[in-house]
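Report on the structure given below.
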Amino acid sequence: MKAIRIEERSENRLYLIVWAGVFLFGALMMLLRSVSLPDAQPSFREIFQLWMRILPFLALFLLHNYLAAPLLLRQGKPTAYVLCTLGLLAVFGAWLVLTRIGPDPSLQPMEPPGGFGGPGGPPPDGMRGGPMPLHPELLKLLLGILMLAANIGIKYQFQSARNAARVQELETENLQRRLDALRYQINPHFFMNTLNNIHALVDIDPEKAKESIVELSRMMRHILYDSAAPTIPLAQELDFLRHYVSLMRMRYSDGVEITLDLPDTDGGAQVPPLVFASFVENAFKHGVSYESTSFIRISLAVDGGKIIFRCANSRQAPLRQDGSGIGQENVRRRLDLLYGDRYTLHIDQRAGAYELLLVLPGQTESSAA
């Protein structure tokens, strides 16, 4: 709505400037004409009379702009608009006829003293028999019609800009709703697996289970409070990964190789919340086995204005296709919505290993805003 209000204010500002220019230009021309004639003094009464002759055009414009034009542009009633406009022009024309007192000096051609043929002389031969000039009232009516045509053209331009702004706002709102829906799908899925891990720790090592609850509370704080924004500082996401991997290390034995290589600083980069969590969760879910040697290798680097995330894990069995990959699928959709084609997601599946490479643009806080 903010962009729409800006367009509306710009339109009204344009009308104010144009009409102020009309009144000032008319006054200036009257003053210049008075100065150019010999023995003439500037007459502010004439300027006032000129302004009074402009006022009917201003009234016609205001009625058309705020009464008739909305019938066509906002309500989509062309017949009502045409009838209303014809009615305004009829009233305007009738007013011109009823209020005519004498010729309008501003519409009369300027003649040299004594007429075209000198003092008392007739006009030149070339001027005789020429076309009859338009009646002043008819000329004013035509000027009013041109003014209304220009008004509706300008309103069409601003209406198109407002429609474009409205569509953009609707797309942005729809995008935010889709992102929220995807995030709300990821969070329950993530909590379910984490609670299952803590449940397993309760029987294996109660002390570790207590520590894991503390880690989980920190992660919940991140999910509930930090992940509401479309993007968050990369440092917050790195802390989340550290807590998550620490929680996983409590559960698994030394037979599982877990490496985590994260930078100490994030360079002010911004990332979507939980964008890496689903991939890491998937690595632990499908890459760990108690019967064979397993590994989880996670690394992240900020290099050349890009965020490079790698996640590799041992592959114990083919990935199930029963919907367990909802977290990863939602992350893909979020990345498509947020980055379009400006990101890279490459997955390499081979015997015994699963490797993932994700490259995001290193969006800073100022550019994200």
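Since every read-out is calculated from the coordinates, none of them should be taken as a lab result. Note that the structure is a prediction, hence the values are computed from the model and not measured. Please note: Cβ atoms are built from the backbone with ideal geometry, for glycine as well, and neighbour counts cover all protein chains shown.
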message: Quick check: pseudo-label points 7 Å beyond the Cα along Cα→Cβ at N196 and T344, how many nm apart are they?
response: 3.3
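Can you give the FRET efficiency to the nearest 0.05 for A20 and A229, using r as the Cβ-Cβ distance and R₀ = 51 Å?
Working: r = 45 Å, r/R0 = 0.87.
E(calc), rounded to 0.05, equals 0.70.
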- line: Here, S299 and T79, labelled 7 Å along Cα→Cβ, have an inter-label distance in nm of 7.4
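Length gain on complete extension for the stretch V91 to E169, per 0.36 nm per residue less the alpha carbon to alpha carbon distance? Kindly include the intermediate steps, with their values, before the conclusion.
Details: separation 78, 0.36 × 78 = 28.08 nm, distance 4.10 nm.
Full extension of this stretch gives 24.0 nm more.
Highest mean first, how do 270-283, 300-313, 237-250, 142-155 rank when packing is the count of other Cβ atoms within 10 Å averaged over residues?
On the way: 270-283: 22.7, 300-313: 17.1, 237-250: 19.6, 142-155: 14.6.
Result, highest mean Cβ count within 10 Å first: 270-283, 237-250, 300-313, 142-155.
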